[in-house]
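Notes follow the structure.
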């Protein structure tokens, strides 16, 4: 109990580097875009990017950047993050394209394609939302690669299964029986309630459909705030679910909660012991910081890494030694951010006992400043104890 309330410590041997940066682009949000490790050991990170001049606040305002035509791209490292190949940059999904035309006239699913073995490490599943996340009219799209991200099948739309709105955010998990679960977020017809949901692949990935709600109906994610701030910046409970499976078969999922996405947001954990069919609250990871990505380390500990949007801005982490029931003291990865506009990490175990996390960042010492420095994709390799 007392260990989690000890003062924060700095990560040991933390090494920071740039994955991708363009001084004329806003780049961000790996957490909702994707991160995969393929059979060869290569890692692929996905993120969004959009031209930005950094001459006005509109260049970095999320209502402009996220809503109006960013591209989602992938980038590859073949040497475990020591370098990222700029020549590997590949378009994954274009939100600037005509969204209706993209899905018009084509098959609505993958039923005519060969079945997919989701236990194959070269099978990758991406998901997102069109035309934007968490809107009353949002639809979740899915893309599949069977060759380690070299090529991708055409995008398909997930069925809403009676839900008013559905947003995907690149959060697949494969059960031992080979079923691919996708964690997504349902939104109410007025946009002010969010609720994390579980979808599952049917008939070898022909399509995905509804399995369960993660949070209880009695606490349904209603926004408890004034509604004159706009949907994106309102207080919302329970979205961005990200899950991992433990050796005993239990699944734990991190979800984001917020009062204010520019500052007051935190991470909670829910748990399923029946393959994702039913869920219960397990723990709250932190006071502040979300969304949080999870990884189970080879020594059995679970790490949760998250952006920290209070001064000093940066990236932080906590460890659990009991399957996510309790969390240790906070670990500061870096605190040199130029503003709250950072985070959305993905994390893996780089080598035994050492983690690699990829996220978006802006720095307070950047010579280019517009409510923070140039938004770019960065990584930190660190020892979490």
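Rule-based calculations on the coordinates, nothing more; no lab input. All of these numbers come straight from a predicted model, not from anything done at the bench. Cβ placement follows ideal geometry from the backbone for every residue including glycine, while neighbour counts extend to all protein chains displayed.
Here are a few things to note about the model shown:
- With kT/(6 pi eta Rh) evaluated at 10 °C and eta = 1.306 mPa s, and Rh the Kirkwood radius from Cα pairs, region 243-385 diffuses with a coefficient of 103 µm²/s according to Stokes-Einstein.
- Protection-proxy order for peptides 6-14, 250-258, each taking the mean of Cβ atoms within 10 Å per residue, highest first: 250-258, 6-14
- Radius of gyration and maximum dimension Dmax of region 1-70, Cα, Å: 17.4, 48
- Just so you know, the averaged projected area of the alpha carbon convex hull for region 291-330 sits at 2.9 nm².
- Radius, Kirkwood style, for region 2-383 when every pair of distinct Cα atoms is counted (Å): 20.7 Å
- Packing-based order for 123-131, 85-93, using average beta carbon neighbours within 10 Å, highest first: 123-131, 85-93
- The share of alpha-carbon pairs in region 138-273 lying farther apart than 21 Å comes to 44%.
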